[in-house]
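Please read the structure below before turning to the comments.
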Amino acid sequence: MKNRSSPRFKFMALLAGATVPVLGMLPMELAAQGQVELGAGFSSEDSFKLGEYNGLVDSQVFGVGAFSLENASRYDADTSSWWSLNGANLGLETRSLEAATGSQGNYLLRLSWREMPHYRFDNPVSTPFSGAGSAYQSLPSNWTGASNTAGLAGLKPALHDIAVKTDRERLQAELTWHLNPLLVFSGEYRHENKKGNDTLGAIFGSSGGNPRGAILAAPVDYQTDSFMLGLAWEGSRGSSQVFYKASLFSNKNESLSWDNPFNNTAWLAGANHSDGAIGQMALAPDNRFFQTGISSVYALGDSARISGSLSVGEMSQDETLLPYSNVFSAALPLPVTSLDGTVGTLNGFLNLSWQAHRKLNLRLRYSHDERNNDTRINLFQRIPGDAAAQGDYLSSNARLNRPYSFRNQTYQAAGDIRLSAGMKLAVEYELEDRHRNRVDVDRIREHQGTVRLDMSRLFAGRGWVRLTRADRNGSAYTGNQGFLSGHNPDFINTLTGNELFENDPLLRRYNLADRDRNQLAFSITQLPTEKVSLDIIGKLSNDRFPDSKIGVQESRIRHLTFNLGLEGGENWHAWTYLTAEHYANSQRGFSRRGGGSPTPFFPESVRQEGNNWRVDTRDRVITTGAGAELTWPARRLSLEMDINRSRAATETAPFSTGLAWDELADVNSTMTTVSLQGTYQMESGNRIGLRYRYENYDSDDFALDRVAVDTLDNIILLGNASPNYAGHIVELTYQIALPGN
């Protein structure tokens, strides 16, 4: 039995309590109609993956419940009032309820409730920590630390299964109120709870090979309240709206603490398990977001229109900072007790559309997206990983927080002209100008041009083809910008050569690197007869990174879809499809050994060519399916069938002339679904329904399969494997029709 003081019960009671008096005020002459569905179902499989988003993770019998009721005004009634009630998936963890009432041209009030589960892992996962999913996670009292997982004698005896999942519950209220024929007020409130746990890495140690860690089930207990108030005005030639939005996020757990399972002679005395060390890390902080804005549209005569919006906002958080260490006392205190973070936002666009001629349309658009991070920069002399001495002022352990800001501006010009009765040509140019601080590239400009030809008379149907060319170019690439902006400048001035780089200076991040893109897309629809339709949709895309000596070199996408539809009149129609997708990526790398005899990578002239390597990756996805809908009106029977199969494979091919390398196993997954749904309508108008779904999922992933909790030397894992299951879900329902008056 559910606890009647639970938030779920309170919210559902609030929804019902708010709805009943509203509906009670409505006039009795309104005519009710709709349907109610009741029944039972059975799920055959124990699988987190099968029930990932519906909650059917166990073999079980479950209830089926749904209803859709409305009370619309009769055509000859004196009132325009109405109400509706809807409920879905009432026997599952994805249940939802909605109540609405209104009067056309006067008001609209809607209340809704929704639950959204998410089960993360298919198989039971294991941990030696007690209190998994809570703010403090401890090890057994007889635990003995070791330098690696192989030496943890108490690890396997202490393992116990845990579920990694979250539940989200959302209550929402909306109101629209017509103050007069020209002025409309709107308001919306949303309350959301998210509870459960999620995976998080917990680390002791820092630098080189001395870190030790564990994957924990961190607590999730979030609450978000958001609301919006708006006022809209509408005139004969235009309209405007002003709004105010707010979002308040709170986390009931400020931090996560855990017992250190390891001992390591490389750590500072006191950090080992034998010393009773307990680690601590901060979780998501409470934060706030406020925004206000205005949007308008105005007709400039009969052939042009201008529209735009402008909004300003502020994000902030002032959560108290945790101490440098939960193990050692810091000789030097934190520079501040709170980050006191503040980020300002500015968003807007201006759009002009103009019908210059009956065959020619023109459009201009400018958009602006800006974030200014005004958080103060401080120097933190940290205690790395609770296992080393506090950093000196001139050391790599003295770090600066890095408040990121950006400004994105987009300019667009487009036009289309009708060349003939069955042909239209569209051209578009776009310039995106991005500025961002404290990243490898300060400014990126991307030019993109698109040409599209639409043909409404192509053989026995219609079609279009689109060509796109885009060039992305950035300012000077500073590969160690993160290193430079995150360390004390006085410390930076003491470094030379390879000491100034964390990553290979020739490495280019693919999202920041210069890129040349070419794309071709097309769509063809043919109707050879009234009963047959054929669609062919394709896309080819190729990205090249000409200045990236290390990193992604090329990326290619090939996509092709065939759809075939058959119409058999009013009694049946059928369809089938085939989709093929191919993704290919090629990247280069350089292997650099650290430690006392590091392999040099700077300057490039001393680089050892034999340490270069290449990896080519290929992803192939083939998806097929077919289905049909059949009705027999005389027998009051309808049937729907659908079958789908998708197979995905990833091939990874490494290569090097001077380094030893091994082939990586392919990653494969196959999913097959079969669904049947039938209804029989009785003479009373009620229906009997039968729904069946079969789902088979088979996957192989070398990163998960045969990887136990102690497979890695220095990290305690959860032991989760790639999902595999075959499940049947059957539902039998009785649908009661309410025809109204």
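Tabulated results
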{"quantity": "Anchor Lys539: lysines whose Cα lies under 24 Å away (excluding residues fewer than 8 positions away in-chain)", "calculated": "Lys424"}
{"quantity": "Helix-derived mean residue ellipticity, 222 nm - over the chain, DSSP H n ≥ 4, -39500 (n - 2.57), to 500", "calculated": "-1000 deg cm²/dmol"}
{"quantity": "Computed over the chain, the ratio Rg/Rh where both radii use C-alpha atoms and Rh is Kirkwood", "calculated": "0.98"}
{"quantity": "Qualifying chymotrypsin sites (Phe, Trp or Tyr not before Pro) in region 470-536, DSSP loop, other Cβ atoms within 10 Å at most 15", "calculated": "Tyr510"}
{"quantity": "By average C-beta atoms within 10 angstrom, highest first, the peptides 723-729, 652-658", "calculated": "723-729, 652-658"}
{"quantity": "Difference of contour (0.36 nm per residue) and Cα-Cα distance, His178 to Arg445", "calculated": "91.6 nm"}
{"quantity": "Cβ-based net charge around Glu188, under 11 Å, with every Lys or Arg adding one and every Asp or Glu removing one", "calculated": "+2"}
{"quantity": "Qualifying GluC sites (Glu not before Pro) in region 609-703, DSSP loop, other Cβ atoms within 10 Å at most 15", "calculated": "Glu663, Glu683"}
{"quantity": "Compactness of region 292-425 as Cα Rg over 2.2 N^0.38 Å, two decimals", "calculated": "1.85"}
{"quantity": "Neighbourhood net charge (12 Å Cβ-Cβ; Lys/Arg +1, Asp/Glu -1) for Glu629", "calculated": "-4"}
{"quantity": "Contact order relative to length of the chain, as percent, for alpha carbon pairs under 8 angstrom and 6 or more apart", "calculated": "9 percent"}
{"quantity": "Cα pair distances exceeding 17 angstrom across region 470-559, given as percent", "calculated": "65 percent"}
{"quantity": "Volume per residue of the C-alpha convex hull in region 440-597, rounded to whole Å³", "calculated": "170 Å³"}
{"quantity": "Surface/4 of the Cα convex hull for region 126-254, nm²", "calculated": "12.8 nm²"}
{"quantity": "Using alpha-carbon coordinates, inclination of helix 7-24 to the longest axis of the chain, degrees", "calculated": "20 degrees"}
{"quantity": "Rounded to whole Hz, the Karplus (6.51, -1.76, 1.60) HN-Hα couplings of region 554-561, x for glycine and proline", "calculated": "7, 9, 10, 10, 10, 9, 9, 10"}
{"quantity": "Shape box of region 58-175 [Cα atoms, principal axes, largest first, Å]", "calculated": "83, 31, 19"}
{"quantity": "Scattering curve values for region 678-729, log₁₀ I(q)/I(0), Debye with Cα scatterers, q = 0.17, 0.25, 0.27 Å⁻¹", "calculated": "-0.68, -0.92, -0.98"}
{"quantity": "Candidate lysines - alpha carbon under 29 Å from Lys195, same-chain residues fewer than 8 apart omitted", "calculated": "Lys2, Lys10, Lys49, Lys156, Lys165, Lys245, Lys252"}
{"quantity": "Dipole magnitude of the chain about its Cα centre (Cβ charges: Lys, Arg +1; Asp, Glu -1), debye to nearest 20", "calculated": "1580 debye"}
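No value in this document is a laboratory result; all are computed from the given coordinates. All values reported here derive from a predicted model rather than from experimental measurement. With ideal geometry, Cβ positions are generated from the backbone for all residues, glycine too; neighbour counts draw on all protein chains shown.
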